[in-house]
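Chemist: Supplied in structure tokens, the structure appears directly below.
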Amino acid sequence: MVNKSSKSLISKASQHTIKKFELIEEYVKSWAQKLMLNNFCNTLVFIDCMCNSGIYINDEKGQQTEGTPVRVAKVLLDVARNYPGKNIEIYLNDIDPLRVKEIKKHLPSDERNFRIITQVGDASEFLHIIGPQLYDAKYLHYFLLYDPYDASIDWEALFPFFRNWGEVLINHMVSDPVRAITQAKRKSTKEKYENTYLADFEKLVPYGSDKKAYEKRVREIITTLKGSRKYYVAAFPFYNSQNSQVYSLLHCTSNEEGFKLYKKCAWKVFGGQSSTKHLHSNPDQLVMDFGVGTSGIISTQTDESCFTVRDIAKYLSREFAGRQDVLLDELWDHLDSHPVFPSDGFRKEIRAELKSMYGVKQRLEYNPTTGKKEYLLSFQNRD
């Protein structure tokens, strides 16, 4: 139970917020296990620079629920105990000292190779202090959660985290500019948007309610900050109970395995789809598909704001249309680089859809090159 003195510190969490907690927890759980097995990682660092009080009230059920930092702390404590030769460090910061005081009540205690450092202060100032320290750090991998309450992103503070061996998860509150940018009058409000999208306010106003324009601009900024190295960005939208997009969680990493893992975790948490949107239309309703290589065949409807496994099958049927004897692994390799579709976690379902909806034939055959039996798929020519 939450005592009366704490009630003002405990926010209500809507269902999309709880899904956000679940996604980050699910990802960190798998991410940490992978890093612990890496010989170049002796220390794992989790950073939440806007941690809040760590506890929320479930808006639907009225029960107490743990927020991201508390969930992650418990997950990483188990990891630390399972890998006594590695170190876990958690840095939690919030500008409100009362919220930091509250979160301490819900965190596990430090152990020999596990410690939590709490800090009271401005998020940007906190990152400006800790970010440069990563440049000389060896055998260390970090995960930074940057979760502002509105469309406020300090790219200068984030810059060091894009240039080191680590990952950044940004909550892009796209609903903020969509709702308010055309009505912004105050100088401080205009400067907030200019700093977030690194553009003059007059150039941003035409974006209006175009969510894709803001999201594209954020991706352009990340591309500039990450430098010349190969980099991966996966973004998944979160919708409220009225089916309006509130924000997107952008996962940024130079590690392809982390990119693939984030996609897999998102689809798992969302229940086999690419967002928290409620699909009111019937995803099973049949339509004519006029895509390249699949023109004129019967397919299903696609909602690009919320893809399903059937959309993955549709995509693959187009990409491999007309080809014979395609190695099954080639399909998964093709999905590895897709910005939304996972290459793992839903393979059985994808194969079933390819067979039932697109007539893709599958057979198991011995491959003398690998010395193993492998599945070969034949995609009928739909032209």
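The values are calculated or read from the model by the stated rules, or taken from the named source; none is laboratory data. These figures come from a predicted structure and were not determined experimentally. All Cβ positions, glycine included, derive from the backbone under ideal geometry; neighbour counts span all protein chains shown. With ligands, DNA and RNA removed, areas are computed over all heavy atoms of the protein, side chains included. Shrake-Rupley method; radii C 1.70, N 1.55, O 1.52, S 1.80 Å.
Chemist: Through the Karplus equation 6.51 cos²θ - 1.76 cosθ + 1.60, θ set to phi - 60°, convert the phi angles of segment 155-160 into ³J(HN,Hα) values in whole Hz; use x for Gly and Pro.
Modeler: Working through the residues one at a time gives 5, 5, 5, 7, 3, x Hz.
Chemist: I'm spelling it out carefully: the read-out is Cα extents along the principal axes in Å, the candidates are (1) 67, 49, 40; (2) 64, 55, 46; (3) 53, 51, 40, and one was derived from this structure. Which label?
Modeler: (2)
Chemist: With n ≥ 4 as the cut-off for DSSP H runs, can you work out [θ] at 222 nm for the chain, using -39500 (n - 2.57) per run divided by the number of residues, rounded to the nearest 500? It would help to have the intermediate numbers written out before the result.
Modeler: Details: 13 runs with 143 residues, N = 383.
Estimated from H runs of four or more residues: -11500 deg cm²/dmol.
Chemist: What residue among Leu127, Pro84, Leu98 has its Cα farthest toward the positive end of the dipole of segment 55-131, where the charges are +1 on Lys, Arg and -1 on Asp, Glu, each on the Cβ?
Modeler: It is Pro84.
Chemist: Multiply the residue separation of Leu364 and Ser124 by 0.36 nm, subtract the distance between their alpha-carbon atoms, and state the gained length in nm to one decimal. Present the calculation step by step, with values, prior to reporting the outcome.
Modeler: Values: separation 240, 0.36 × 240 = 86.40 nm, distance 5.55 nm.
Extending this stretch completely gives an extra 80.9 nm.
Chemist: Run the simple label-point estimate for Ala137 and Ser337 please: 7 Å along Cα→C-beta, distance reported in nm.
Modeler: Going by the 7 Å Cα→Cβ label model, 3.1 nm.
Chemist: Per residue, how many Å² of accessible area does segment 184-230 show with a 1.4 Å probe?
Modeler: On the way: 3090 Å² over 47 residues.
Result: 66 Å² per residue.
Chemist: Using 1/(1 + (r/R0)^6) with R0 = 25 angstrom and r between the beta carbons of Leu376 and Lys348, what's the FRET efficiency to the nearest 0.05? Please report the intermediate quantities before stating the final value.
Modeler: Details: r = 17 Å, r/R0 = 0.69.
With R0 = 25 Å, the Cβ-Cβ based efficiency is 0.90.
Chemist: Continuing with this model, one more query. Under 5 Å between amide H atoms, partner at least 5 residues away or on a different chain: which partners does Leu327 have, H built in plane at 1.01 Å?
Modeler: Those qualifying (amide H under 5 Å, at least 5 residues apart or on another chain) are Leu377.
Chemist: Once amide H atoms are built 1.01 Å from N in the peptide plane, which residues 5 or more positions from Ile55, or in another chain, come under 5 Å H to H?
Modeler: Answer set, sorted by chain and number: Gly67.
Chemist: Per residue, what accessible area does segment 101-171 have, given a 1.4 Å probe and all protein chains present, in Å²? Display every interim value, and only then the final one.
Modeler: Numbers: 3360 Å² over 71 residues.
I get 47 Å² per residue for this part.
Chemist: GNM, the chain, Cα, under 10 Å: largest mean-square fluctuation among Ser317, Ser109, Ser275?
Modeler: Ser109
Chemist: Given R₀ = 41 Å, FRET efficiency for Gln324-Glu257 by Cβ-Cβ distance, to 0.05? Don't skip to the answer; put the middle values down first.
Modeler: Numbers: r = 31 Å, r/R0 = 0.76.
After rounding to 0.05, the efficiency reads 0.85.
Chemist: Tell me the relative contact order for the chain as a rounded percent, counting alpha carbon contacts under 8 Å between residues six or more apart.
Modeler: Working: 668 pairs, mean separation 45.9, N = 383.
Rounded, it is 12 percent for the chain.
Chemist: Read phi for every residue in segment 73-86 and hand back ³J(HN,Hα) as whole Hz from Karplus 6.51 cos²θ - 1.76 cosθ + 1.60, θ = phi - 60°, with x for Gly and Pro.
Modeler: With coefficients 6.51, -1.76 and 1.60, one gets 4, 5, 4, 6, 5, 4, 4, 4, 5, 7, 10, x, x, 10 Hz.
Chemist: How much of the accessible area of segment 39-178, probe 1.4 Å, is carbon plus sulfur, in whole percent?
Modeler: On the way: 2870 of 5970 Å².
Carbon and sulfur atoms account for 48 percent of the accessible area of segment 39-178.
Chemist: I've got another one for you. Take every DSSP beta bridge whose two residues both sit in segment 60-184, then give the antiparallel share in percent to the nearest 5.
Modeler: Details: 1 of 13 bridges.
Taking every DSSP beta bridge with both residues in segment 60-184, the antiparallel ones total about 10 percent.
Chemist: Using Cα positions and a limit of under 18 Å, work out the aspartates and glutamates in reach of Lys185, with same-chain residues fewer than 8 apart set aside.
Modeler: Straight-line reach from Lys185, under 18 Å: Asp150, Asp176, Glu194, Asp200, Glu202.
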